[in-house]
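A short write-up of the structure that comes next.
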Amino acid sequence: MTQFAVILAAGRSARFGSPKQLAQWGGETFVARAVRVARTAGFEPVVVTGYAANEVAAAADARCIFNARWADGIGVSIAAAAAELGPGATGLLILACDQVEVGAEDLRALRSALGSADVAAAAYGDVIGIPALFAPAVFGALAQLTGDVGARELLRGGAWKVARVALPSAARDIDEPDDLEEGS
């Protein structure tokens, strides 16, 4: 059984103006960086593609899942990955390719925190979000996600025990080209 890192790279990047999955950070594309970080942390990376799928897959150097409904939102991408990968997994780590400051040590911290919890999620500021590592008990709920909300409701607890892991590096994501200039 495997812990997969589901790297979300399907969106159109409308605010960025071009596929940000292919933008450069530290000499590598966002998607290649996310794949490398996931591998370094001991996860099997799987990239969910959609918009510019061929170009993103070529840059990823990892297994890819094409989400034909990528325009329906992040929830659909997570659901596609959970449905395909869940039966053979012991964990699903959800990671956005534009969280460029998240490192392997952050992902390892999530793995360590999962323990008896159902979810280990990044905590930064007042946010509980991704990256987040989900145990098999939550895979069915992930596979049912729709729309552009993602797993936000699942991370708020309720039916599942959520371990919050302080990851200030997760607070930064790149939405616009100017965001690159603020720390690349």
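The values are calculated or read from the model by the stated rules, or taken from the named source; none is laboratory data. Nothing here was measured: the structure is a model prediction, and the numbers come from that model. For neighbour counting, all protein chains shown are included, and Cβ atoms are generated from backbone atoms with ideal geometry for every residue, glycine included. For the accessible areas, the whole protein counts, side chains as well, though only heavy atoms, and no ligand, DNA or RNA atoms are used. Shrake-Rupley method; radii C 1.70, N 1.55, O 1.52, S 1.80 Å.
For this structure, a couple of remarks:
- Close Cβ contacts (under 9 Å, 6 or more residues apart or on different chains) running from residues in the stretch 2-15 that are within 14 Å of T40 (Cα to Cα) to residues that are aromatic (F, W, Y) and open to solvent by less than 50 Å² (accessible area, probe 1.4 Å) comprise Q3/F43; F4/F43; A5/F43.
- Among the criteria (1) of a type outside the set (S, T, Y); (2) more than 21 Å from G147 (Cα to Cα); (3) in contact with a Leu (Cβ under 8 Å, 6 or more places away or on another chain); (4) not in a strand (DSSP E or B), the one I78 does not fulfil is (2).
- Selected residue [in a strand (DSSP E or B) and either open to solvent by 30 Å² or more (accessible area, probe 1.4 Å) or not acidic (D, E) (or both)] from V46, V31: V46
- Any hit, the stretch 88-97, residues being at pLDDT below 95 and open to solvent by 60 Å² or more (accessible area, probe 1.4 Å): no
- Enumerated helices (runs of 4 or more DSSP H) restricted to the stretch 94-178, each holding at least 3 residues that are within 24 Å of A71 (Cα to Cα): 139-143, 152-155
- Residue ID - nearest to W25 (Cα to Cα), chosen from residues in the stretch 106-116 that are open to solvent by 10 Å² or more (accessible area, probe 1.4 Å) and touching a residue at least 12 places away in the same chain (Cβ under 8 Å): D106
- Qualifying residue in the stretch 50-67 (condition: among the charged types (D, E, K, R), within 19 Å of T2 (Cβ to Cβ) and assigned to a helix (DSSP H, G or I)): no
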